[in-house]
Ligand SMILES: Nc1nc2c(ncn2[C@@H]2O[C@H](COP(=O)(O)OP(=O)(O)OP(=O)(O)O)[C@@H](O)[C@H]2O)c(=O)[nH]1
Ligand SMILES: [Mg+2]
């Protein structure tokens, strides 16, 4: 078992380790210890540490700090005359802080040199992409921010089903090169892609001020009304490795025209829900097309449960393998039909009779026909014993004898009446 | 068992025949012909003959095979000469139908005397039967209502004579005029008269074919019918309550029971009397007293008694007549009628003369 003291020690050590590892963020580390000849500078990312006046004899060095706003716009943010072992600090980007320490001076015949130690805290070492001495007269390295502007172009009014062209262009309107630039495109709902003419979604790089056409494709609207063209997004980095994202503006298209649709409704009824076994039951399936185009290959499968036999039906009904179904090759708009069928339940019980409707139609622009499925089930048909059913439970002679007698009497009456019919 | 043939000719004959078939079922029910059985003691064959198909169609209790239609539009319209011609051309058809029914012991021919079909067919059928077979043939002849007109009277006079001359073994008379007392409309009167005749016929047939003791038989009937002037009638009474048998006999012989108006004690020549009923009602003394009274004034009377348990007394009397004052009256009325018809005819003739007179001015124009 670990004792209480040992536990505390373990946690403490763990915290220490954590601190060391996160030292890159929180702790301070030495960036470099350059020796700068008077007039030379040391650049860390977009900051410039310049040694302007170095004098070994007076034991001082004048250090100036600039932030590089653009290639030719330096902004002095700090200045200090340092004695040996003096330090100067300045804010580095958001949370960082740089400490510059003058560790020594070297006198020479011409220009003296200053020995510096540069520490950075509150910033990750990994994020330092420039740390070098800039010779006197040289420009410091400038890393601008790329800014990719994406423009999507398309007609604002389109015809339903008619292809229209979308062009996506990207322009770097920032002041730095965009690297690892990749695009993602979404063409939007209610639109389907017809043809792709050009596609170059990266990865690529784009210098500041350059522009490039990345996508040209053709779309088709599949529904009328207002349709939103999807946006194109870009993900990219500046040369310093900072990540950027851009998105194109939303574009609303006005889709004109109407969609063709076959809208067939089905209703299914039976003449009675309580019937006697072995009697006939008539059912009716009514179909009506309220759409604006014909339904093709319309089919209604009448689903008879076991114990219910198909007897007959209208001409529209055909039976395949004992299963009745209605088949109508083309069922035009506003057409209406009632199809009747007759079944006979052979067993008592409770039944449902289903009717599954399926058809297709051409909406006027899609390549593949639209498929529709509907169902209309009559539930709870109760089949009871017929009055004569009990007869079947008795041996033949029990009812055959009276029947023969009744039949005999009937024949006798007919015979007698015939004798007197003149 | 006797084999009896009953033929009904013309509307009147057909309807009486149908009444006989109906009464034979016993019940008055409409469904009797379907579920019932005719209670003929003998083997009775009935045949209805008519020129009018509607008369045949109206029959209800006579089998279709027993109805013979002689096609001649709608009857012969009381025209006996036409009737005779129609019979002659259809004679074989009718006789073949009779022939195929086998042998008979006795035949009755029912007809009205006054119509066209029945009155002309009947004498001819009787003659044919007599020529071809040797069983006795009796006719039941219905006399018309006197107000039915001169034509019917004439027809009756001639047809009765023809029936007598045809060889008929006896004519049983029934007189619509006499039986008119039934009252009601003509149809009801006819139905009533037909039922009366039918009941008497059935009773008679029953008593001819009886195997019991103390009864009359066909031989007795033949003997009775051969007496007198070939004319006969029937008297009948059926008590519907306990009545002394003497009263029943008297009523059968009165105008209540007879089919033809006659004074039995004066005009009858032979008689046959059949008395039926429960033994307790049949007082032999009373019966003998009444039968003796009858035989003392007319001669021999055949007597038969049929005992039927639980039945009220019924009496049937067959009487042959040696004279019939009523028939004489009918004949003199007929002579009058013939004269009237002749006058009418000559009036028509003189009308023809008038036509001649009118025709004299044919082609002329009046000039003024
Ligand atoms: N008792 C009685 N007499 C009838 C009946 N029908 C008709 N008559 C009488 O019969 C006479 C007429 O003769 P029908 O038998 O009708 O004549 P028919 O023989 O059919 O001859 P046509 O009709 O002239 O061809 C009349 O005097 C009627 O009063 C009937 O049902 N019962
Ligand atoms: Mg007639």
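The values are calculated or read from the model by the stated rules, or taken from the named source; none is laboratory data. All values derive from a computational prediction rather than experimental measurement. Glycine also receives a Cβ, built like all others from the backbone with ideal geometry; neighbour counts cover every protein chain displayed.
Can you name every residue in segment B:109-126 that is part of a helix (DSSP H, G or I) and either over 17 Å from residue B:169 (Cβ atoms) or within 11 Å of ligand 2 (Cβ to nearest atom) (or both)?
Result: B:117, B:118, B:119, B:120, B:121.
Can you confirm whether residue A:51 is under 30 Å from residue A:107 (Cβ atoms) and free of Cβ contacts under 8 Å to residues at least 60 places away in the same chain?
no
So residue B:103 fits all but one of (1) in a loop (DSSP other than H, G, I, E, B); (2) away from chain A (no Cβ under 14 Å); (3) within 16 Å of ligand 1 (Cβ to nearest atom); what number is the exception?
Unmet for residue B:103, out of (1) in a loop (DSSP other than H, G, I, E, B); (2) away from chain A (no Cβ under 14 Å); (3) within 16 Å of ligand 1 (Cβ to nearest atom): (3).
Consider segment B:31-86. How many of its residues are within 11 Å of ligand 1 (Cβ to nearest atom) and either out of contact with any strand residue (DSSP E or B) (no Cβ under 7 Å at 6 or more places or on another chain) or at positive phi (or both)?
Number satisfying all stated conditions: 17.
Go through (1) away from chain A (no Cβ under 11 Å); (2) at pLDDT 95 or above; (3) away from ligand 1 (no atom under 16 Å from the Cβ) for residue B:13 and report which single condition fails.
(3)
As an exercise: evaluate residue B:26 against (1) more than 14 Å from chain A (Cβ to nearest Cβ); (2) surrounded by fewer than 17 Cβ atoms within 10 Å (Cβ to Cβ); (3) assigned to a helix (DSSP H, G or I) and give the number of the one condition it does not meet.
(3)
Taking residue B:225 as the residue in question, decide whether it is under 24 Å from residue B:256 (Cα atoms), within 15 Å of ligand 1 (Cβ to nearest atom) and either touching a residue at least 60 places away in the same chain (Cβ under 8 Å) or away from every other protein chain (no Cβ under 14 Å) (or both).
Considered against the rule, which asks whether it is under 24 Å from residue B:256 (Cα atoms), within 15 Å of ligand 1 (Cβ to nearest atom) and either touching a residue at least 60 places away in the same chain (Cβ under 8 Å) or away from every other protein chain (no Cβ under 14 Å) (or both), residue B:225 comes out as no.
If I filter segment B:130-154 down to residues being within 16 Å of ligand 1 (Cβ to nearest atom) and closer than 28 Å to residue B:104 by Cβ, which single residue comes out as surrounded by the fewest Cβ atoms within 10 Å (Cβ to Cβ)?
Filtering first and then ranking leaves B:143.
Yes/no matrix, rows are residues, columns are (1) modelled with pLDDT under 85; (2) closer than 30 Å to residue A:356 by Cα; (3) within 32 Å of the chain's Cα centre (by Cα):
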site	(1), (2), (3)
A:206	no, no, yes
A:216	no, no, yes
A:219	no, no, yes
A:232	no, no, yes
A:237	no, no, yes
A:241	yes, no, yes
A:258	yes, yes, yes
A:261	no, yes, yes
A:278	no, yes, no
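Considering only segment B:80-95, I want to know if a residue exists there that is in contact (Cβ under 8 Å) with a residue 24 or more places away in the chain, under 24 Å from residue B:173 (Cβ atoms), in a helix (DSSP H, G or I) and within 14 Å of chain A (Cβ to nearest Cβ).
No: segment B:80-95 contains no residue that is in contact (Cβ under 8 Å) with a residue 24 or more places away in the chain, under 24 Å from residue B:173 (Cβ atoms), in a helix (DSSP H, G or I) and within 14 Å of chain A (Cβ to nearest Cβ).
Quick one: in segment B:50-68, which of the residues that are within 8 Å of another protein chain (Cβ to nearest Cβ) and assigned to a helix (DSSP H, G or I) is nearest to the chain's Cα centre (by Cα)?
Ranking the qualifying residues of segment B:50-68, first place goes to B:56.
What number of residues in segment A:74-94 are at pLDDT 90 or above and not in a strand (DSSP E or B)? Show your work before the answer.
In the first step, residues of segment A:74-94 are kept if they are at pLDDT 90 or above; the result is A:76-91.
If we keep only those that are not in a strand (DSSP E or B) as well, we get A:84-86.
Count: 3.
Checking the structure you have, find out if any residue of segment B:307-317 is loosely packed, with under 15 Cβ neighbours inside 10 Å and either closer than 30 Å to residue B:155 by Cβ or in the same structural domain as residue B:151 (by TED's automatic domain parsing) (or both).
Checking segment B:307-317: not a single residue is loosely packed, with under 15 Cβ neighbours inside 10 Å and either closer than 30 Å to residue B:155 by Cβ or in the same structural domain as residue B:151 (by TED's automatic domain parsing) (or both).
The conditions are (1) assigned to a strand (DSSP E or B); (2) outside the structural domain of residue A:96 (by TED's automatic domain parsing), and residue A:141 fails exactly one of them. Which is it?
Condition not satisfied by residue A:141: (1).
Can residue B:88 be described as in the same structural domain as residue B:101 (by TED's automatic domain parsing), surrounded by fewer than 16 Cβ atoms within 10 Å (Cβ to Cβ) and within 12 Å of ligand 2 (Cβ to nearest atom)?
For residue B:88, the condition - in the same structural domain as residue B:101 (by TED's automatic domain parsing), surrounded by fewer than 16 Cβ atoms within 10 Å (Cβ to Cβ) and within 12 Å of ligand 2 (Cβ to nearest atom) - is not met.
Go through (1) more than 21 Å from residue B:14 (Cα to Cα); (2) in contact with a helix residue (DSSP H, G or I) (Cβ under 6 Å, 6 or more places away or on another chain) for residue B:225 and report which single condition fails.
(2)
Going through segment A:73-90 one residue at a time, which ones are free of Cβ contacts under 8 Å to residues at least 12 places away in the same chain and farther than 20 Å from residue A:33 by Cβ?
A:73, A:75 - these are the residues of segment A:73-90 that are free of Cβ contacts under 8 Å to residues at least 12 places away in the same chain and farther than 20 Å from residue A:33 by Cβ.
Within segment B:41-79, how many residues turn out to be more than 12 Å from ligand 2 (Cβ to nearest atom) and at pLDDT below 90?
Looking only at that region, the number is 2.
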